[in-house]
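I have placed the structure first, in the form of structure tokens, so that the comments after it can refer back to it.
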Amino acid sequence: MMGKTHIAGALASWALVYPLLAKTSLLTLTPQNTIVLAVSLGGSVLGGLIPDIDHPGSTIDRDLFGPLGKSHIGEFLGGVLLLGISLSMRIPSFMGRVYLSRIFQGTLTNYVPEISFVLGVIGAVLIVIASMKHRGITHTLLGMGLFVWGIDTLLGYIPILAHWRMTLLLVCGAGYLSHLLLDLVAHGVPLFYPVIKKRISLPFSIRTGSFWDIVVIRFGLLAYFVFAIATLYLPSVMITRLHL
């Protein structure tokens, strides 16, 4: 399954899970509720795409890393380069000679620790990804658990979303799970690794790019998402307009 099908699967999983978890107050389109809606949709789509981060050239790799995400070599060299820059930024004398021009001196000196940290994290992630095999740990329930843990950690720094933390975690996890299920249908995945290392597959499979993939699965999932959105929010929009 390619990126578009995984996006469709993530949106459909959101449409299935979000209405069951969201409080009634979230189903009215206030500014704050719109923020929660957008974050939940974005998190679900991220969950639906991120398992393919171990596959150079995938949608998520191209979107996150640009040209560096097109090959294992590009990811590795890019990671080494970013780590080198991150480390060199922590040497004051080196910073003064190489990085600090008159134009950027004020900005860089104020944010050197933060910039160094971000570049180091991205570099380390690129090197780890470059060493992964496709449909490895990211295509397991363990990988899904690590992803949800990472999202939970991130949400801890966003107080405005604290009240809906569990809802957001579950829709993000649902998006991730949709990817695993779609790949289970297409190729098989090591779902229960490391307890069971063998790849699990179904007796039948749907070839990527086939009629069943594009027309039946992809558009079927999108149709369900559109139907669910209309069912959830169209009544409240109509009521709001009547009051106006």
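The values are calculated or read from the model by the stated rules, or taken from the named source; none is laboratory data. Here the structure is a predicted model, which is why all the values come from computation and not from measurement. Virtual Cβ from ideal backbone geometry, glycine too; neighbours counted across all protein chains shown.
Are any of the residues in region 62-75 among the polar types (S, T, N, Q), modelled with pLDDT of 75 or more and outside the structural domain of SER201 (by TED's automatic domain parsing)? Lay out the reasoning, then the answer.
We begin by selecting, within region 62-75, every residue among the polar types (S, T, N, Q); these are 71.
Then drop every residue that is not modelled with pLDDT of 75 or more, which leaves 71.
Filter again for outside the structural domain of SER201 (by TED's automatic domain parsing), leaving 71.
Looking for residues that are among the polar types (S, T, N, Q), modelled with pLDDT of 75 or more and outside the structural domain of SER201 (by TED's automatic domain parsing), one finds at least one in region 62-75, hence yes.
If we scan region 115-131, do we find a residue that is at pLDDT below 75, over 17 Å from the mean Cα position of the chain (by Cα), surrounded by 14 or more Cβ atoms within 10 Å (Cβ to Cβ) and not assigned by TED's automatic domain parsing to the domain that holds VAL195?
Checked region 115-131: no residue is at pLDDT below 75, over 17 Å from the mean Cα position of the chain (by Cα), surrounded by 14 or more Cβ atoms within 10 Å (Cβ to Cβ) and not assigned by TED's automatic domain parsing to the domain that holds VAL195.
Just the residues that are at pLDDT below 90 and under 16 Å from TRP14 (Cα atoms), please, taken from region 136-164.
Once the filter is applied, which keeps residues that are at pLDDT below 90 and under 16 Å from TRP14 (Cα atoms), region 136-164 yields only TRP164.
Residue under question is GLY150, and the condition is that it be farther than 18 Å from ILE7 by Cβ, surrounded by fewer than 16 Cβ atoms within 10 Å (Cβ to Cβ), among the small types (Gly, Ala, Ser) and out of contact with any strand residue (DSSP E or B) (no Cβ under 6 Å at 6 or more places or on another chain); does it hold? Full working, then the answer.
On the way: farther than 18 Å from ILE7 by Cβ: yes; surrounded by fewer than 16 Cβ atoms within 10 Å (Cβ to Cβ): yes; among the small types (Gly, Ala, Ser): yes; out of contact with any strand residue (DSSP E or B) (no Cβ under 6 Å at 6 or more places or on another chain): yes.
Considered against the rule, which asks whether it is farther than 18 Å from ILE7 by Cβ, surrounded by fewer than 16 Cβ atoms within 10 Å (Cβ to Cβ), among the small types (Gly, Ala, Ser) and out of contact with any strand residue (DSSP E or B) (no Cβ under 6 Å at 6 or more places or on another chain), GLY150 comes out as yes.
Starting from region 151-170, keep only residues that are in the same structural domain as TYR18 (by TED's automatic domain parsing), then list their pairs with residues that are outside any helix (DSSP H, G or I) whose Cβ atoms are within a distance under 7 Å, requiring at least 6 positions of separation or different chains.
Pairs that qualify, where the first residue is in the same structural domain as TYR18 (by TED's automatic domain parsing) and the partner is outside any helix (DSSP H, G or I), are THR167/ALA22.
Kindly evaluate TYR111 against the criterion of being at pLDDT below 90, over 25 Å from ALA15 (Cα atoms) and not in a loop (DSSP other than H, G, I, E, B). It would help to see each step written out before you state the result.
Values: at pLDDT below 90: yes; over 25 Å from ALA15 (Cα atoms): yes; not in a loop (DSSP other than H, G, I, E, B): yes.
For TYR111, the condition - at pLDDT below 90, over 25 Å from ALA15 (Cα atoms) and not in a loop (DSSP other than H, G, I, E, B) - is met.
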